[in-house]
Amino acid sequence: MGSGKFYLTRIISIKEEKIISTGFRKILFIQIAILILVFTTSCDQSKTGNAIYTAYSTTPNKENITPASNVEKLLRVDEERINDTIAKLCTENRSVGSDGERKAADFIKSQLDKYGYETEMETFPYSNQKNVLSRETFWDVFPSEDKVLGYSRNLIAYSRQNKIEETNIIVISAHYDCAKSSPGANDNAAGVAALLEVARRFKSVSKDFQVEFIFFGGEEMSLSGSRNYICRLNKSEKKSIIANINIDTIANKDDDYPIFFTVNGKENLATKILTSYKGNKKIQLEMACGISDHFTFEQAGIPSLTIGQKPIHQKIHSPKDSIDTIDMEKVKFTILALTQALKQNFSDIILLNTKEPGTMVQ
Ligand SMILES: [Zn+2]
């Protein structure tokens, strides 16, 4: 265990240097590009600058503003599709093991199929475990037959044609189940819609890295989806995951813009990937244990964070978590925070459908 941990730490620091140095090269390039764009588009900026800025940060700073004409294009995401996804997921309750949860997974898979992903559906049994967050029982994920309450599924989409072993994987995740008696709009249909939109925009990344998009089932049942996912990996598969970025409760209109939460409130490789994009630098970092699937990755020694809102408002896990409480600007904020940071860190990310309105500019 000890030597394994040392090896993983070393691997991560090597990856970190590579990611950050690639980031610096990109920043230099982007800064030069921005200077040229500022010069050529300065007449248009006054019209849209303020509105655009609020989507990036809650603490305005002139230095963070990207030229308006460019950002305007970035913000033209397809709201209708995002809204449809949230509405579709909220038509039926998606509590663990329910018909609604099964239908939600099938719907997400159909979208990923459309975007050309190879997917894998993992079925797992769940039980009602007590004190799951304690170290002693955290990895007891396979209940005895008499304790099984039902089955749920994780859906995994690979960013490349074939799953390649021993590569540097960044797992981006969101749970699609919800609490009983709740439509689960903010927790976490909005997060699923954001993740699907990020997935739609990416086709592939550089040879050195791989992005996996995972839609976890059973999060509301003691993080059972992510715990099962990690437990099924062998040692080398676990080592190949260098970071987890999770999305959970991002879009309630009465709450602030999303911030990053890590288990100990400190920076790690996952936060560095996101904050190396200049527009994300002002996003606040706070501590949160056990509130979402990022906790499972941290327990497995994988740097992680969850993008979410604070305070954890009263509407989640209740009938009040309905679609009319969703703030589309916050969903778009999350999509941009992720896609821009990933694009900056992984130089040859290819974006899909770049000519279609509402997609990212290259
Ligand atoms: Zn949640």
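Residues Ser292, Ser144, Ser127, arranged from fewest to most other Cβ atoms within 10 angstrom of their Cβ, appear as Ser144, Ser127, Ser292.
Read phi for every residue in region 172-178 and hand back ³J(HN,Hα) as whole Hz from Karplus 6.51 cos²θ - 1.76 cosθ + 1.60, θ = phi - 60°, with x for Gly and Pro. Result, ordered by residue: 10, 9, 7, 8, 10, 7, 8 Hz. Each of Tyr176, Tyr277, Tyr158 was scored by other Cβ atoms within 10 Å of its Cβ. Arranged with the fewest first, they read Tyr158, Tyr277, Tyr176. Residues Phe209, Phe107, Phe124, Phe215, ranked from the fewest to the most other C-beta atoms within 10 Å, line up as Phe107, Phe124, Phe209, Phe215.
Across region 79-351, C-alpha contacts under 8 Å between residues 6 or more apart give a mean separation that, scaled by the residue count, equals a relative contact order of 23 percent.
Holding the Cα-Cα limit at 25 Å, pick out from Lys147/Lys239; Lys88/Lys278; Lys88/Lys330; Lys88/Lys282; Lys109/Lys281; Lys114/Lys315 the pairs that are longer than that.
Violating the 25 Å limit, Cα to Cα: Lys147/Lys239; Lys88/Lys278; Lys88/Lys282; Lys109/Lys281; Lys114/Lys315.
When the square roots of the Cα gyration tensor eigenvalues are ordered a ≥ b ≥ c, the ratio a/c for region 79-351 is under 1.5, which makes its shape rounded.
None of the figures in this text is laboratory data; all of them are computed from the coordinates on show. No experiment lies behind these values; they were computed from the predicted model shown. Because the Cβ atoms are built from the backbone with ideal geometry, glycine has one as well, and the counts that use them run over all protein chains shown.
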